[in-house]
Amino acid sequence: MCGIVGIQAQSSVASELYDSLIHLQHRGQDAAGIITYDFRMHKEKGLGLVRDIFNENNMNLLSGNVGIGHTRYPTHGGFGHGEIQPFWTEVPYGVALGHNGNLVNYKELAEEITGREKRYLNTTSDTEVLLHMFATALGQNGSAKSDKAFFEQICGAVKSVFDRTSGSFSVVAAIVGKGLIAFRDPHGIRPLSRGERKSDNGSVDHIFSSETTMFHSLEFEPKGNVEPGEVYYVSESGKVFSKKLVSDEFTPCIFEYVYFSRPDTMMNDVSVYRSRLRMGQNLAKRWIEKHPDVLPDIVIPAPSTANTAALSLAYELGVRYSEGLYKNPFIGRTFIMPGQAERKKSIRHKLVPQEIEIRDKKVMIVDDSIVRGNTSRQIVRIVKGMGAKEVYFVTACPPVKNPCFYGVDMPTRSELIAAQKSVDEIRTYIGVDILLYQEIPDLVEAVTRKGDHNIDRPCMACLDGWYVSGNVDEEKMNELETMRLNDRNGE
């Protein structure tokens, strides 16, 4: 999971790309990069948070009215400086590309590119593979003169990518002397929104981004999404071309709504905030159905992704909502930290209990999900240590039983507690009196109840084992799990 953004404007875009990456920081804290161009490419990348990478000196070097940016949360590839996006190549034209997602057939594609096509891969990142596939196909499709003809050239290159790849990818790219490109995989697994901003002189600026979170502050008007299998091209002169190249089942990732996306974003024409409110409503109904004689004294979210669901759950139960766990805002998101030891350490630093809200009470903790189980166990220990009479644990996401190979860090079955233990065993492990998971139909209903979204069904392979790409069998799963573990161990 990563954050991507591309902007084409009438003036320099560097500062607005920086602001956009700040808004997308929650989608990746490991690294970030920006590439712009005028007569040539200008790039700046670094490990760490956006605010620590960019400064006045290096921002001044990022000249140009077209550019792309990326915040990195690695699910494939190494963790060094060379893996930081966006990537770029000089041939043809000069192409820079940033990618959010994951290619299931990376190994096969890498072998084709290095063997048959004689390209050198400098990293183990699937984004570099995407870049080479796109750039090679673009160079083979001729040298168009007009914007319209160049768009047809782009369509041919993107269609080639669609034909060869399996997995998830939302992409922004900048081509020197040509403009800005955005496209999305045929299933639309990873998000990609678009917006426009009109100036006083009648010109229009364009933005493509993983989320709409920065649109308001940058005064862009939301214009919907890049649809599954669709490509957009904004030329340097401001002409906009789009075409849906492939029609397939629309299966956006459901975990975006549960955890990853900011609540203030509109994703696939569905409000993330409202979907989380509905998750809480559905959880309350299930609680009343399964435990009609049990009512907590207080509902406390595991901050802060679960706050919204906890708020509506408490309202439906008629129980007081309290932020009984204070979150230190300067500690990052533990789910996307690179190692288990780092996650455990951060939980102790991140959450501080408020004893007056907890002691001698029956406490219901609401969390967005239970993935590895260690964070949940630590939270329960914190609450029990403050003198809770009883502790109930409710999660907005059903049991996560399968790895995600489409861009979320759920890499191996051995690390997923629901793949190893029953619900009752998990309840015992995390140490609570009652454990309630959201049910899959209730989660789907919460996401799809409202909005003109055209979602056929969400991608929820991590929950139900159905991989939309259709090529994840036991052999492929073992291969991908081994690849992930090797990446993590630096092999």
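Coordinate-derived values only; no laboratory data. These numbers come from a predicted model, not from an experiment. All Cβ positions, even for glycine, are placed from backbone atoms using ideal geometry, and neighbour counts span all protein chains on display.
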Point to revise | Other-chain or far-sequence residues with amide H under 5 Å of residue 243's (modelled H) | key: 231
Review point. Taking amide H positions as placed 1.01 Å from N in the peptide plane, with prolines and chain starts having none, which residues 5 or more places from residue 400, or on another chain, fall under 5 Å of its amide H?
Key: 370, 418
Practice item. Working from Cα positions, state the angle (0 to 90°, nearest 10) between the long axis of helix 106-115 and the longest principal axis of the chain. Key: 20 degrees
Review point. So how far apart, in nm, are the two label points at residue 464 and residue 114 if each is 7 Å from Cα heading toward Cβ?
Key: 3.8 nm
Exercise for review: Return the loop-located chymotrypsin sites (Phe, Trp or Tyr not before Pro) in the stretch 88-166 (DSSP other than H, G, I, E, B) with at most 11 other Cβ atoms within 10 Å of their own Cβ; answer none if there are none.
Suggested key: 120
Review point. Residue by residue through the stretch 155-165, which ³J(HN,Hα) values in whole Hz follow from phi under the Karplus form 6.51 cos²θ - 1.76 cosθ + 1.60 (θ = phi - 60°), with glycine and proline marked x?
Key: 4, x, 5, 5, 4, 4, 4, 4, 5, 9, 9
Practice item. Only helical DSSP H runs with n ≥ 4 go in: add -39500 (n - 2.57) per run for the chain, normalise by residue count and round the 222 nm mean residue ellipticity to 500 deg cm²/dmol. Key: -9500 deg cm²/dmol
Review point. Could you list log10 I(q)/I(0) for the chain at q = 0.06, 0.07, 0.08 Å⁻¹, which the Debye formula gives when each Cα is one point scatterer?
Key: -0.27, -0.37, -0.48
Exercise for review: Output ³J(HN,Hα) for the stretch 183-193: one whole-Hz value per residue in order, computed from phi by the Karplus curve 6.51 cos²θ - 1.76 cosθ + 1.60 with θ = phi - 60°, and x for Gly and Pro.
Suggested key: 8, 9, 4, x, 9, x, 5, 9, x, 7, 9
Exercise for review: Just subtract the alpha-carbon distance of residue 454 and residue 389 from 0.36 nm times their residue separation and send over the number in nm, one decimal.
Suggested key: 18.8 nm
Check your understanding: In what order do 430, 154, 68 fall by count of nearby beta-carbon atoms within 10 Å, going from fewest to most?
Key -> 430, 154, 68
Review point. Helix 474-489 sits at what angle to the longest principal axis of the chain, using alpha carbons and giving 0 to 90 degrees rounded to 10?
Key: 90 degrees
**Study point:** GluC sites (Glu not before Pro) within the stretch 1-92: DSSP coil, no more than 14 neighbouring Cβ in 10 Å
**Key:** 90
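If R0 is 25 Å, what FRET efficiency do you get for residue 327 and residue 273 from their C-beta distance, rounded to 0.05? Don't jump to the answer; show the numbers that get you there.
Details: r = 18 Å, r/R0 = 0.72.
So, using R0 = 25 Å, E works out to roughly 0.90.
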Review point. How high is the relative contact order of the chain, in percent, with contacts defined as C-alpha pairs under 8 Å that are six or more residues apart?
Key: 13 percent
Study note, to complete from the structure: When 155, 404, 462 are arranged by how many other beta-carbons sit within 10 Å of their Cβ, fewest first, they go 155, 404, 462
Check your understanding: Which length gain, in nm to one decimal place, applies between residue 439 and residue 420 when the Cα-Cα distance is subtracted from 0.36 nm times their residue separation?
Key -> 5.0 nm
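From the cross-link list 145/243; 118/159; 389/450; 290/421, which pairs have alpha carbons spaced over 29 Å apart?
Distance filter (> 29 Å) returns 389/450.
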Review point. Roughly speaking, what is the centre-to-centre gap between the stretch 253-332 and the stretch 1-43 when only Cα atoms are used, to the nearest Å?
Key: 31 Å
Review point. How do 485, 463, 317 line up, fewest other C-beta atoms within 10 Å first?
Key: 485, 317, 463
Study note, to complete from the structure: Amide H proximity to residue 435 below 5 Å, modelled H, separation 5+ or other chain, gives 393
Review point. Suppose R0 equals 25 Å; then what is the FRET efficiency for residue 239 and residue 59 from their Cβ-Cβ distance, rounded to the nearest 0.05?
Key: 0.30
Review point. Helix 14-23 sits at what angle to the longest principal axis of the chain, using alpha carbons and giving 0 to 90 degrees rounded to 10?
Key: 20 degrees
**Study point:** Alpha carbon centroid spacing (whole Å) that separates the stretch 179-246 from the stretch 141-158
**Key:** 19 Å
**Study point:** Sparse-neighbour loop sites [chymotrypsin sites (Phe, Trp or Tyr not before Pro); the stretch 23-70; at most 16 other C-beta within 10 Å; DSSP]
**Key:** 39
Point to revise | Förster radius 25 Å - calculated FRET efficiency between residue 145 and residue 10 (Cβ-Cβ, nearest 0.05) | key: 0.60
